[in-house]
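The values are calculated or read from the model by the stated rules, or taken from the named source; none is laboratory data. Nothing here was measured: the structure is a model prediction, and the numbers come from that model. Using ideal geometry, Cβ is built from the backbone for each residue, glycine included, and neighbour counts are taken over all protein chains shown.
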Amino acid sequence: MAQKELIDRLVVEEYRDFAQDPLGYTADRDDCVERLVNDGAMESGAEEAWEGFEKRYLVHDGGGLTLSAHGVDRAEALGETVYLDESVRTGIIDAVGSHETGVTLSSVADETGVEEKKLLHNLWILRRRGVVETRTDVSGDGRSVVLNEP
């Protein structure tokens, strides 16, 4: 397989993993390379594809690698359904901004009426842009969202 095909395959496969939990997704180099090798790529080609994929479509985010906005755009160009929507992001900002402190993810979902997958994807892009911060509460309330100071 050509490098471009291998990289595009990584984009699609990793986007599908990312789409399940955009806020918790972290790319796994070893897993990606192993999948390519198991599907017939030479190990050196798989390693090279990973390097190209990482350089073009991943960013460091809080201790791990996650898809960049460019990676999501590439997945969409390759036919994947992307859930980014400006009106949803505006609704999220309004819902979070109407509270003095952070608000739970479930409260944001209730206030916006947006289905979970679409909500998570749009929270992810707002987090990538530095508009909101998401936190995981270990006491059992789940994730919360706060607006960052402008």
| Considering only residues of the range 67-117 that are within 19 Å of ARG135 (Cα to Cα) and of a type in the set (Lys, Arg), which is nearest to the chain's Cα centre (by Cα)? | LYS117
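Here's the yes/no breakdown for (1) touching a helix residue (DSSP H, G or I) at 6+ places or on another chain (Cβ under 7 Å); (2) in contact (Cβ under 8 Å) with a residue 12 or more places away in the chain:
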{"site": "VAL12", "(1), (2)": "yes, yes"}
{"site": "ASP31", "(1), (2)": "no, no"}
{"site": "ASN38", "(1), (2)": "no, no"}
{"site": "GLU47", "(1), (2)": "yes, yes"}
{"site": "LEU58", "(1), (2)": "yes, yes"}
{"site": "ASP85", "(1), (2)": "yes, yes"}
{"site": "ALA109", "(1), (2)": "yes, no"}
| message | Let me spell it out: the conditions are (1) modelled with pLDDT of 90 or more; (2) more than 20 Å from GLU116 (Cα to Cα); (3) surrounded by fewer than 19 Cβ atoms within 10 Å (Cβ to Cβ), and GLU86 meets all of them except one. Which number is the exception? | response | (2)
| query | outside the structural domain of GLY113 (by TED's automatic domain parsing), modelled with pLDDT of 95 or more and not basic (Lys, Arg): does that describe ASP21? | reply | no
| Top-ranked residue of the range 1-31 - restricted to ones that are under 14 Å from TRP50 (Cβ atoms) and in contact with an Asp or Glu (Cβ under 7 Å, 6 or more places away or on another chain), ranked as surrounded by the fewest Cβ atoms within 10 Å (Cβ to Cβ) | GLN3
| task | Out of the residues in the range 94-116 that are exposed (fewer than 15 other Cβ atoms within 10 Å of the Cβ) and at pLDDT 90 or above, state the one that is nearest to LYS55 (Cα to Cα). | result | GLU115
| query | Any idea which of (1) surrounded by 17 or more Cβ atoms within 10 Å (Cβ to Cβ); (2) within 14 Å of LEU10 (Cα to Cα); (3) within 19 Å of the chain's Cα centre (by Cα) is the one ARG56 doesn't satisfy? | reply | (1)
| said: Quick test of your reading of the structure: ALA95 fulfils all but one of (1) part of a helix (DSSP H, G or I); (2) within 22 Å of ARG16 (Cβ to Cβ); (3) among the aliphatic types (A, V, I, L, M). Name the failing condition by number. | reply: (2)
| Options ALA46, ALA75; residue that is part of a helix (DSSP H, G or I), within 19 Å of LEU119 (Cα to Cα) and either out of contact with any strand residue (DSSP E or B) (no Cβ under 7 Å at 6 or more places or on another chain) or modelled with pLDDT under 95 (or both) | ALA75
| Across the range 98-136, which residue is nearest to ASP73 (Cα to Cα) among those that are hydroxyl-bearing (Ser, Thr, Tyr) and part of a helix (DSSP H, G or I)? | THR112
